[in-house]
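The values are calculated or read from the model by the stated rules, or taken from the named source; none is laboratory data. Everything numeric here is computed off the predicted structure, so don't read it as measured data. Ideal geometry is used to build each Cβ from the backbone, glycine not excepted, and the neighbour counts take in all protein chains shown.
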Amino acid sequence: MEAPQSTMTTQVMFREAEPELIPDTMACITQQSVVQITLSGPSLVFAIVAIIISIQILQPSLTCTLLALAPIPWIIHNDYLNFISLGPGGTPSTFLGYLKVTYLRLFALSDPYSPASFNEEIYPDTGYYQKSQTWLPKRFGPRPKIAGIAPQRQLDQPGCEKSYKLLRKTLENLAARHPEALRIGTSCFEKKGLALFARDPINATCRGEVCHVHHSDRSLHMNLHPDDAKVVLEMGWGERHPLARGGWMKAYVPREFVMVYAPRNRLELDGVCRIIEAAGFWVSGKQFKVEVDEELPAETHAQ
């Protein structure tokens with residue numbers, strides 16, 4: 001489809017070199033193997049004795065069944081700890097919340113890097129990058145490791161603290177410059193954290209939410225036009241949310257819901273701002289220039 005002509009052109013220049021590593025005190029979120037079982041000396045002796053007694057008393061088939069089922073409590077325990085270690089999110093950090101997420105895993109996307117297919121008509125019919133003649137460069141290096149559903153978090157390649165604070169200030173100032181169209185609030189999807197909303201959305205999201213940023217790992221979630229989501233995926237800036245498959249799963253997140261990786265430096269922050277421009281276009285129908293505000297406030301309060 002030929003893109004409509006526009007007089008607005010934006011370019012983002014990136015170095016073809018390894019991003020500058022900025023010292024950061026934020027530790028990466030840790031996850032352990034769900035099949036990890038560690039037995040101390042007494043525990044090992046007890047397990048051996050229990051197996052011998054079971055073989056003598058019970059039928060061999062029953063003993064084999066019990067041995068096969070024995071690791072399950074450890075697997076559930078380790079998996080639950082992994083869920084808790086992701087921190088607070090849209091799902092309560094409780095065992096009932098864990099059971100809900102475990103159920104939703106059955107329907108998670110098998111390939112979060114392939115764009116969604118759309119057969120129905122959508123509006124706008126052309127993505128932001130085509131309409132505004134804006135381009136997005138390729139993100140340097142491999143993708144970070146991502147875990148979880150609700151919450152979904154980035155495990156490594158932590159974002160730069162200064163970039164995170166600049167991003168928050170940029171979103172706040174963007175809403176201040178366009179009070180008739182945008183506002184800042186607490187994320188409707190996450191139930192916490194800073195989020196940008198469209199006051200009069202043209203595409204349904206949670207109360208018009210454009211994007212939100214995670215304080216724990218400094219990544220973002222946002223809603224994007226299918227054309228723009230395809231560009232973001234291909235250029236390595238993010239991936240689809242595991243539940244963003246449409247149908248009845250829209251009760252949890254829209255089909256256009258994408259995770260965008262945490263910016264590791266100032267150059268990557270510029271790229272993330274270009275993606276936020278696309279998200280604002282999809283949700284509000286309007287084009288906004290997202291400029292990074294260089295000066296930090298005296299105090300930055302994390303939500």
Select from segment 243-258 the residues that are of a type in the set (A, V, I, L, M, F, W, C) and loosely packed, with under 14 Cβ neighbours inside 10 Å and list them in ascending order. Trp248, Ala251
Could you count how many residues in segment 98-124 are in contact with a helix residue (DSSP H, G or I) (Cβ under 9 Å, 6 or more places away or on another chain) and touching a residue at least 24 places away in the same chain (Cβ under 8 Å)? 11
Restricting to segment 200-240, and then to whatever is crowded, with 24+ Cβ neighbours inside 10 Å, modelled with pLDDT of 95 or more and among the acidic types (Asp, Glu), can you tell me which residue is farthest from Pro142 (Cα to Cα)? Glu209
Residues in segment 133-144: is at least one in the same structural domain as Val253 (by TED's automatic domain parsing) and over 24 Å from Met235 (Cβ atoms)? no
Any residue in segment 128-136 that is touching a residue at least 24 places away in the same chain (Cβ under 8 Å), touching a helix residue (DSSP H, G or I) at 6+ places or on another chain (Cβ under 9 Å), closer than 18 Å to Pro226 by Cα and among the β-branched types (Val, Ile, Thr)? yes
When you scan segment 177-184, do you find a residue that is under 19 Å from Leu86 (Cα atoms) and modelled with pLDDT of 95 or more, even just one? no
Out of all the residues in segment 75-85, is one or more at pLDDT below 85 and either more than 16 Å from Ile149 (Cα to Cα) or more than 31 Å from the chain's Cα centre (by Cα) (or both)? no
Between a first residue in segment 256-268 that is more than 17 Å from Phe189 (Cα to Cα) and a second residue that is assigned to a strand (DSSP E or B) and among the polar types (S, T, N, Q), which pairs have beta carbons less than 7 Å apart while being 6 or more apart in sequence or on different chains? Tyr261/Gln154; Ala262/Gln154
Can you tell me which of Glu2, Glu16 is exposed (fewer than 14 other Cβ atoms within 10 Å of the Cβ), modelled with pLDDT under 65, of a type in the set (Asp, Glu) and within 27 Å of Pro263 (Cα to Cα)? Glu16
In the set Leu233, Leu196, Leu243, the lone residue that is hydrophobic (A, V, I, L, M, F, W, C) and assigned to a loop (DSSP other than H, G, I, E, B) is Leu243
If you check Thr134, Thr102, Thr126, which single one turns out to be more than 21 Å from Leu220 (Cβ to Cβ) and crowded, with 16+ Cβ neighbours inside 10 Å? Thr126
The lone exception for Glu180 - which of (1) out of contact with any helix residue (DSSP H, G or I) (no Cβ under 8 Å at 6 or more places or on another chain); (2) of a type outside the set (Lys, Arg); (3) within 24 Å of Ala262 (Cβ to Cβ); (4) without any contact (Cβ under 8 Å) to a residue 24 or more places away in the chain it fails: (3)
Considering only segment 196-251, how many residues are aromatic (Phe, Trp, Tyr) and over 13 Å from the mean Cα position of the chain (by Cα)? 2
Of these, Arg218, Arg207, which one is free of Cβ contacts under 8 Å to residues at least 40 places away in the same chain, at positive phi and not in a strand (DSSP E or B)? Arg207
Go over the candidates Tyr123, Tyr113, Tyr98 one by one and state the one that is assigned to a loop (DSSP other than H, G, I, E, B), within 19 Å of the chain's Cα centre (by Cα), at pLDDT 90 or above and within 22 Å of Lys250 (Cα to Cα). Tyr113
